[in-house]
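Asks: Handing you a structure now.
No value in this document is a laboratory result; all are computed from the given coordinates. Please read all numbers here as calculations on a predicted model, not as lab measurements. Please note: Cβ atoms are built from the backbone with ideal geometry, for glycine as well, and neighbour counts cover all protein chains shown.
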Amino acid sequence: MEKYLEKFRFYLRLTGVSAISRRYFVMNAFDGALTALGVIIGAWTSGPVQPRTLIGAGLGVSLAMGISGFSGTYFVERAERLRKLEELEHSLLMDLHHSVHVKAQRTAMIWAALVNALSPSLAAVTAIVPFVFAHYGLISKNEAVIISLMLIFSLLFMIGVYLGKISRERVIISGIRIMVVGIITAALIMLLGNM
Amino acid sequence: MDDSLVPSPTIKRVVLDVLKPHQPTIPELASRIVSCNGANRVNVSLAEIDQNTESIKVQVEGSDINLETIRNCIEEMGATIHSVDEVEVARKV
């Protein structure tokens with residue numbers, strides 16, 4: 001297991017996919033969280049919230065974002081990495097087919113695609129978890145909305161903290177900055193929903 | 001003395017001119033070569049650096065170096081041997 005993990009890390013280092021997947025992770029978790037926010041507040045301002053409807057919509061959105069994230073990234077990364085490999089073969093005047101580069105690039109494509117698929121899906125699924133509790137009558141519908149919004153804002157804050165750590169800025173400020181984007185989005189949706 | 005009784009020579013040291021991509025790094029490539037069968041010590045020095053590639057001098061020392069094995073190890077890492085610049089051969093004792 002340790003050997004495979006070491007090999008996997010070596011492939012990530014070789015292809016430089018770590019930095020790209022970090023970007024994908026943040027961008028898409030942010031996407032997933034804001035999409036879930038849109039679905040929940042949109043439904044809330046449009047009338048009485050039906051937990052079952054929100055769970056269905058949330059899971060649908062999460063699945064669609066996951067599939068779109070995986071396939072989109074896989075094809076984009078594949079095209080970019082095949083081109084890079086060809087350029088490298090041209091520079092080295094050799095066939096890299098049996099080298100670690102081909103395996104590493106394949107691993108990088110799948111890794112980037114998985115990060116891109118899972119980050120928005122997990123963010124969206126997290127946001128609908130309270131509605132599962134509401135569906136089984138463990139909490140009220142309004143409580144579910146409030147807990148869900150709190151989860152989304154916490155998630156946005158954590159994304160900001162993570163970004164702050166990458167940029168070596170003050171993590172609290174960075175977290176609040178991202179959370180404010182969520183609050184503005186929520187306010188805009190509420191405003192539109194009440195029109 | 002019968003010629004057939006003379007033990008076959010073994011390669012003790014070889015200096016190779018290698019062209020490699022920037023990744024894997026020189027320490028990674030050197031570590032891979034030293035783990036190849038027959039190599040005991042590897043010394044790598046950078047000769048030239050280009051946009052996509054690096055030219056390096058690889059000195060491999062060992063008790064019985066198999067050039068083909070070393071070539072395979074180097075090519076597996078996406079590098080290629082341009083030339084064999086030096087070879088030190090000794091008779092087996």
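Asks: Once the Cβ-Cβ distance between B:Ser63 and A:Glu80 is put in as r, and R0 is 45 Å, what FRET efficiency do you end up with, to the nearest 0.05?
Replies: Numbers: r = 45 Å, r/R0 = 0.99.
Calculated value: 0.50.
Asks: Take the alpha-carbon centre of the range A:69-104, take the same for the range B:31-54, and report the distance between them in whole Å.
Replies: For the range A:69-104 versus the range B:31-54, the Cα centre distance is 23 Å.
Asks: OK, next. Would you please give the residues with an amide H less than 5 Å from that of B:His82, counting only those at least 5 places away or on a separate chain, with H modeled from the backbone geometry?
Replies: B:Asp17, B:Val18, B:Leu19
Asks: Please identify the DSSP H helices in chain A that span no less than 24 Å along the helix axis (Cα) and have a mean Kyte-Doolittle hydropathy of 1.6 or more. Spell out each step's value before the answer.
Replies: On the way: long enough: A:17-46 (42 Å, 0.90); A:51-92 (59 Å, 0.10); A:100-135 (51 Å, 1.12); A:141-167 (39 Å, 1.55); A:171-193 (33 Å, 2.42).
Span-like helices here: A:171-193.
Asks: Report the one residue of B:Gly62, A:Ala29, A:Gln105 whose Cα lies farthest in the direction of the positive end of the charge dipole of the protein assembly as shown (charges on C-beta: Lys and Arg +1, Asp and Glu -1; origin at the Cα centre).
Replies: A:Ala29
Asks: Taking every alpha carbon pair in the range A:5-127, what does the distance histogram look like in 5 angstrom bins from 0, in percent?
Replies: Percent of pairs per bin, in order: 2, 12, 18, 17, 14, 11, 8, 7, 5, 4, 2, 1, 0, 0.
Asks: Once the Cα atoms of helix B:67-76 and of chain B are each reduced to a long axis, what angle between those two axes, in degrees from 0 to 90 to the nearest 10, is obtained?
Replies: Between the helix axis and the principal axis of chain B, the angle is about 20 degrees.
Asks: For the protein assembly as shown, what is the calculated [θ] at 222 nm in deg cm²/dmol (nearest 500), taking -39500 (n - 2.57) for each run of four or more DSSP H residues and dividing by its residue count?
Replies: Values: 8 runs with 191 residues, N = 288.
Helices in the protein assembly as shown give a 222 nm mean residue ellipticity of -23500 deg cm²/dmol.
Asks: Next question, about the same structure. So for the range A:1-159, if I pair up every lysine 8 or more residues apart or on another chain, how many of those pairs have alpha-carbons under 22 Å apart?
Replies: On the way: A:Lys3/A:Lys103; A:Lys7/A:Lys84; A:Lys7/A:Lys103; A:Lys84/A:Lys103.
Here the count comes out as 4.
Asks: If the cut-off is a Cα-Cα distance under 18 Å, which lysines reach B:Lys57, setting aside same-chain residues fewer than 8 apart in sequence?
Replies: Within the straight-line cut-off, B:Lys57 pairs with B:Lys12, B:Lys20.
Asks: Using every alpha carbon pair in the protein assembly as shown, what percent of pairs falls into each 10 Å bin from 0 up to the bin containing the largest distance?
Replies: Histogram of Cα-Cα distances, whole percents per bin: 6, 21, 21, 16, 13, 10, 7, 3, 1, 1, 0.
Asks: Which of the chymotrypsin sites (Phe, Trp or Tyr not before Pro) across the range A:126-174 are loop residues per DSSP, with 16 or fewer other Cβ within 10 Å? Before the final figure, lay out each step's value.
Replies: Numbers: sites: A:Phe131, A:Phe133, A:Tyr136, A:Phe153, A:Phe157, A:Tyr162; in loops: A:Tyr136.
Counting only loop positions with at most 16 other Cβ atoms within 10 Å, the chymotrypsin sites (Phe, Trp or Tyr not before Pro) in the range A:126-174 are A:Tyr136.
Asks: Continuing with this model, one more query. A:Arg81: net charge of surrounding residues, Cβ under 11 Å, Lys/Arg +1, Asp/Glu -1, itself excluded? Spell out each step's value before the answer.
Replies: Numbers: positive: A:Arg78, A:Arg83, A:Lys84, A:Arg106; negative: A:Glu77, A:Glu80, A:Glu86, A:Glu87.
In short, 0.
Asks: Under 8 Å for C-alpha pairs, at least 6 residues apart: give me the relative contact order for chain A, rounded to a whole percent.
Replies: Numbers: 234 pairs, mean separation 61.6, N = 195.
Averaging sequence separation for qualifying contacts and normalising by length gives 32 percent for chain A.
Asks: Taking every alpha carbon pair in the range B:9-48, what does the distance histogram look like in 10 angstrom bins from 0, in percent?
Replies: Result returned by the calculation: 24, 58, 16, 2.
Asks: Can you tell me what percent of all Cα-Cα pairs in chain B are more than 21 Å apart? Could the numbers behind the result be given before it?
Replies: Details: 1337 of 4278 pairs.
Roughly 31 percent, rounded to a whole number.
Asks: DSSP loop trypsin sites (Lys or Arg not before Pro) in the range B:33-93 with at most 13 other Cβ atoms within 10 Å of their Cβ, which ones?
Replies: Details: sites: B:Arg41, B:Lys57, B:Arg71, B:Arg91, B:Lys92; in loops: B:Lys92.
Hits after loop and neighbour filter: B:Lys92.
Asks: May I pose another question? If contacts are Cα pairs under 8 angstrom and at least 6 residues apart, what is the relative contact order of the range A:121-195 in percent?
Replies: Numbers: 65 pairs, mean separation 16.5, N = 75.
Averaging sequence separation for qualifying contacts and normalising by length gives 22 percent for the range A:121-195.
Asks: Taking neighbour counts of Cβ atoms within 10 Å as a proxy for exposure, in what order, fewest first, do B:Arg32, A:Arg22 appear? Don't skip to the end; give the middle numbers.
Replies: On the way: B:Arg32 19, A:Arg22 14.
Placing the least packed residue first, the sequence is A:Arg22, B:Arg32.
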